[in-house]
Amino acid sequence: MSGGGTETPVACEAAQGGGGGGKKRDSLGTPGAAHLIIKDLGEIHSRLLDHRPVTQGEIRYFVKEFEEKRGLRELRVLENLKNMIQETNDRMLPKCRETMQDGLEEALQRLQAANDSICRLQQREQERKKVINDHLTASEKRRLLQWEEFLKEQPQHRAEVDDEHRRAMERLKEQYAAMEKDLAKFSTF
């Protein structure tokens, strides 16, 4: 066997060990041979199939090493975290607060200035819109008055144009009548 330790001869080997191969095997019914076989089978079984003692020892060793290494590692990690937090609280946090206060004050001043500028621009725009609206309203009123005057003057202009047209028609009629008379004089020749 390759597991190390002493090997015990199996009953078959013990029976054949004497020499000539012509003898029949001894019967397995002898008390010593059966005992040796059972003992050998138990040993083979425990070496091949029963690994509990070895695995339990390995597991205990692994757990012990893991807990020791992990415990020290976690302790170092926690110590590093504590130092970083302490440093942050002592040095970085006050510096960040100061920087933030300075930055916020400056940003607040800029925002206030921008807000004031926007308010002035809005006021100017509203004033400009008001002037434009007032001008448009006045222009619309003037145009309405002009339109009303135009409509009032229309009948008078129409009457004048109609009168002028009637006079022009009468002049043309007189002119054509005179021309017909002149033509009538020449047609008698």
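The values are calculated or read from the model by the stated rules, or taken from the named source; none is laboratory data. Everything numeric in this text was worked out from a predicted model, so none of it was measured. Neighbour counts run over all protein chains shown; Cβ positions are idealised from the backbone, glycine included. Heads up: the accessible areas ignore ligands, DNA and RNA and are worked out on the full protein's heavy atoms, side chains in. Shrake-Rupley method; radii C 1.70, N 1.55, O 1.52, S 1.80 Å.
Can you give me the distance in nm between label points at residue 186 and residue 43, each placed 7 Å from the Cα along the Cα-to-Cβ direction? Distance between the two pseudo-spin positions: 17.0 nm. 3J(HN,Hα) along the stretch 86-101: 4, 5, 5, 5, 7, 10, 6, 4, x, 5, 5, 4, 4, 4, 5, 4 Hz, from the Karplus curve 6.51 cos²θ - 1.76 cosθ + 1.60 with θ = phi - 60°, whole Hz, x for Gly and Pro. Under 20 Å of direct C-alpha separation, and excluding same-chain neighbours fewer than eight residues apart, residue 141 reaches these lysines: 129, 130, 152. In whole angstrom, the stretch 53-149 maps to an equivalent ellipsoid with semi-axes of 82, 23, 4, each derived as √(5λ) from the alpha carbon gyration tensor and ordered largest first.
Listed by chain and number, the lysines placed with their C-alpha closer than 27 angstrom to that of residue 95 are 82; residues fewer than eight positions away on the same chain are left out.
The mean accessible area for residues of the stretch 53-149, using a 1.4 Å probe and ignoring ligands and nucleic acids, is 97 Å² per residue.
By the rule of a C-alpha distance below 30 Å, with chain neighbours fewer than 8 residues away ignored, the lysines paired with residue 173 are 181, 185. Taking the 1.4 Å solvent-accessible surface of the stretch 53-149 as the whole, the part contributed by carbon and sulfur is 58%. Extension gain, residue 109-residue 128: 0.36 nm per intervening residue step, less the Cα-Cα distance, totals 4.0 nm. Charge dipole (Cα centre; +1 on Lys/Arg Cβ, -1 on Asp/Glu Cβ; no other charges) of the stretch 53-149 amounts to roughly 120 debye.
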